[in-house]
Each structure stands twice: as C-alpha cells, then as structure tokens.
Amino acid sequence: MNILVRNLQKLRINTVGSTCSNALLQHSPSPQVDIARPTSFFVKLPAEQLWKGVTSVSNAGMKRGRGRGAAKKKGRDLNRGQVIGVGKINMVWPGLNAPVARGRELVKREELPEDKEREANLIKLRDSMGFRRMGRLSPIDRGWSGNKMPGRSIGAPDPIGDQTFEGFDTRVLELKTVFIMKGNVGRKRRLSVMAVTGNGNGIAGFSVAKAIDTKTAMRKVKNRAGQKLIHVDICNGHTVFHDIFCQFGATKIFIKRKPEGYGLVCQRAIKTICQVIGIKDLYAKIEGSRNLQHIVKAFFIGLLKQKTHQQLAEEKGLHVVEFRKDQGNFPTVVASPTKCRTENEIPSNEILDFTQYGLDGKIVLKKKKYPPFYVGTYGHNKYLKKQENVRGHFETIIDMKVHHGEIRSFLTDKHPECKPYVRPKKQAEE
C-alpha cells in the first residue's frame, strides 16, 4: 500500500485545457496507475542460473532418483571460444563493442577495414578459451585402449618436504564413476581411481582414491600410492625367485618364473605393475574372478610371499639346484643351507618338488593338448585318406596303373595284403 501511495504522489494527471479545477477533476476520466518494479531476478541472475532453475530437478525429485539423464541431454556450447561483439569481420556494433552514443551523436553500425593485429589477437584469445582441440597422444603415452586413462602415466608423486620421488612413475589402473545415496543431496557422483607407482628397481605401491573431479582424484591417488611403498625382491634383476600361488577373494593367480628374454605374458594390469616394479620376464595365469582391484591385491600378496633361494634352502635344509637349458641342463647349486639334512632325515610325505612347494601344494590345471593332424598314426592316416584320390574313378585307376603298375592303397607299402582282388584270366586257370 505504501508503494501505491508513493507512486500516486509522483503521477502527473493530464487533463484537457490549461486550468485544473475541482469541477474539471470530477468530470475527467479516472487516471491510469501503472505499478512497475525497477529490478527483477531476470536482470540480477545470469542466463546459466536462469536455465538451471527451469530445467533442473528439485531436491525432493533428486531423492527419488529423478533427473539422472539431465547431464546427458545438455546441448553443445555454441558460444565456446567466442566473445559477444567480436567476430571474424571487423564491425562496429553499438552497445556491444562500441558505445551507443558519442556526445550527442548516436553511433551507427559500420564495417571497418581489415586489421592483421586484431586477427592475431583473436586467434590467441580463442586458444586461451579452450577452442583448440587436444592433439593426438603418441603411442608411448597412450593407455591400454586409445585415449582412455587406464594404462597412462600421470607422473611421480608430489614431494613431501625434502623428500622427492625421483625416478618414480605412476600408472593408472582403473578409472570409474561411483555413486552414493545421501539423504539431503540424493545421488552423489564421484570418480574412483586406482593407480600404482614405482621406481623400476623393486619399490612400488598402489592405492585407491575418490574425488568429485578427475584432476583432484589423480593427485590424491598418486600421493597416497607414494605413501604406501613396499620393497619387492627381484631375482637376477628380471624375474621372481620361484613359482607362486596367490589368492584374494575369488581371484586366484598362478605366477611362473621365466628365463631372461621371455617377456611379460600376463594380464595388462599385472604387466603394468611389473613394468613399474622392474620385473621383465614373467608368466601369470588368472583363475576365478576378474575384478581388477582383486587382481592387483592378489598379485602384490604373491610378490610379498616369495622367498629368496637362501631362505628356501634354510627352510628345507637342502641344497637349491638350478637346471638351465642354455647350460646343457648341467646342475648349478644356487643356495646351500647352514646344516644339510641326510636322506634318512627326510620324511616320506614331505613335498620335494620345487614347483609344488612354491605353489603351496597347488597344481596348475593344464588342459590336454592334442597333437596336430600330421603327427601320430591316427591323425596322419586320416589326413592321407582325405588326400587320396577316389580309387573307383576311371582316371584314378589309369593313373595308378601308369605309376605303380597296379591298383593300390596308401596302406599297401606297410601292409602288402592291402591289394584289390584281381580275378585271374580263363587261360591261366586252364
């Protein structure tokens, strides 16, 4: 009501004639009152918040799981890399890149001559606003599959005081989106990253971190991995000391020791871990669950379970002997115990197989390998049968008589009785 009174006091009542009297005021038409609000939320808020208020979902709706696809339906930003009033053509736009009036004269829209310095400044401006696309990654920096993060390097962990992580390299193993349901916010989205870091000389560590954006998650995960370092023994600088069986949950891994030059024949996450640690030759077979986090944890458990040759010799009280093909399978004593047991001191039920002892009594499931068709009696004979020409054909009979002088089978050389019966002529019978 106060607003109405103030506005009525400021109104000017225009009537016909130069004088204004009570009689004229009584017979004049009723004045029109327009109530106008000087500002509104359409003027105060930017366009992004206005559109968000129209298209977004309320908190109550988010609690019920609504608006999940709102982010996917968001259109492309057509103004990305652009500045309002600045374009390719050098134009004067009143109210955008030029004032509306200069003194008492109104500024008119007009085209200006070309300016090379202006074009160079526009290119720099668009590049700084993220208009240029990112270049293609080199094959060395590329991850497991294309430009995705798993398998890519994110550098060494950040230094802690005077301690720096020189020579360390961090590799991303897993990057996924996780959700959690909150009572006041609804579905809360975060990024979960798993990474491993190492110096390539037997020191490595892994960790899992979560954050709202990718950059924060990467920084957290590499710094946490740098705080959880462990030492792994490497045999001769290229492989493990013995075959290992390790398990975490439903994931089982059989690790085999391989000679130098064999390479890394294993799952890609295990291969990345071996490269970070410094293991060059290894074979690993996974059985059961393929959960990536379980694979990483099981593999690190297996590396910590391995024992050096000297430890194995002390535990068993026997010599550790190595047979190598490149040395003609000549036995080489690798480690000797302090006190060696005699044959009478070894019980009959003790495991003496080195591979089975390293695998904790487990045996790797090996499928039966059938010989190829050209090896063995049955397969080769079957192949010859298929390759043999049909003996009932006239051309085949003529060819056999020309080359062999008789109709024969592929078994005739081995079994002479395998010849077709030839009926003797009448003259020979008489």
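The values are calculated or read from the model by the stated rules, or taken from the named source; none is laboratory data. Just so it is clear, the structure is predicted and the values come from calculations on it, not from any experiment. No Cβ is skipped: glycine too gets one built from the backbone with ideal geometry, and neighbour counts run over all protein chains shown. Just the protein is used for accessible areas: all its heavy atoms, side chains included, with ligands, DNA and RNA removed. Shrake-Rupley method; radii C 1.70, N 1.55, O 1.52, S 1.80 Å.
Restricting LYS386, LYS382, LYS367 to those that are part of a loop (DSSP other than H, G, I, E, B), farther than 30 Å from VAL320 by Cβ, at pLDDT below 85 and among the basic types (Lys, Arg) reduces the list to LYS367. Does GLN267 qualify as being open to solvent by 10 Å² or more (accessible area, probe 1.4 Å) and touching a helix residue (DSSP H, G or I) at 6+ places or on another chain (Cβ under 7 Å)? Yes; evaluated as a whole, the condition is true for this residue. Out of VAL208, VAL240, VAL232, VAL193, one residue alone is touching a Lys or Arg at 6+ places or on another chain (Cβ under 6 Å), surrounded by 14 or more Cβ atoms within 10 Å (Cβ to Cβ), farther than 29 Å from ARG64 by Cβ and of a type in the set (A, V, I, L, M). It is VAL240. Every condition in (1) modelled with pLDDT under 95; (2) outside any strand (DSSP E or B) is met by LYS220 except one, and the failing one is (1). A Cβ distance below 9 Å, combined with a sequence gap of six or more or placement on separate chains, defines the contacts here; from the range 262-277, residues that are closer than 15 Å to LYS297 by Cα reach residues that are in a loop (DSSP other than H, G, I, E, B) and aliphatic (A, V, I, L, M) in the pairs ILE273/ILE279; ILE277/VAL232; ILE277/ILE234. Against the list (1) crowded, with 17+ Cβ neighbours inside 10 Å; (2) at pLDDT below 95, the condition ASP281 fails is (2).
On the given criteria, is ILE270 more than 20 Å from PHE165 (Cα to Cα) and touching a strand residue (DSSP E or B) at 6+ places or on another chain (Cβ under 8 Å)? Steps first, answer last, please.
Values: more than 20 Å from PHE165 (Cα to Cα): yes; touching a strand residue (DSSP E or B) at 6+ places or on another chain (Cβ under 8 Å): yes.
So ILE270 fits the description; yes.
Checked across the range 251-264, the condition of being open to solvent by 10 Å² or more (accessible area, probe 1.4 Å) and within 21 Å of the chain's Cα centre (by Cα) holds for at least one residue. Within the range 299-328, the set of residues being without any contact (Cβ under 8 Å) to a residue 60 or more places away in the chain, open to solvent by 10 Å² or more (accessible area, probe 1.4 Å) and in contact with a strand residue (DSSP E or B) (Cβ under 7 Å, 6 or more places away or on another chain) comprises ILE301, GLN310, HIS319, VAL320, VAL321, GLU322.
Could you say whether any residue in the range 341-353 is outside any strand (DSSP E or B) and either in contact (Cβ under 8 Å) with a residue 60 or more places away in the chain or within 27 Å of ILE273 (Cβ to Cβ) (or both)?
No, the range 341-353 has no match at all.
You will find that of LYS215, LYS148, LYS176, the residue that is of a type in the set (D, E, K, R), surrounded by fewer than 15 Cβ atoms within 10 Å (Cβ to Cβ) and under 17 Å from VAL296 (Cβ atoms) is LYS176 and no other.
When VAL296 is tested against (1) open to solvent by less than 60 Å² (accessible area, probe 1.4 Å); (2) in contact (Cβ under 8 Å) with a residue 60 or more places away in the chain; (3) not in a helix (DSSP H, G or I), just one condition goes unmet, and that condition is (3). Within the range 192-203, the set of residues being within 17 Å of the chain's Cα centre (by Cα) and either at pLDDT below 95 or of a type in the set (Gly, Ala, Ser) (or both) comprises SER192, ALA195.
Mind listing whichever residues of the range 159-186 are closer than 30 Å to MET62 by Cβ and modelled with pLDDT of 90 or more?
As a first pass, look at the range 159-186 and keep what is closer than 30 Å to MET62 by Cβ: 174-186.
Result: GLU174, LEU175, LYS176, THR177, VAL178, PHE179, ILE180, MET181.
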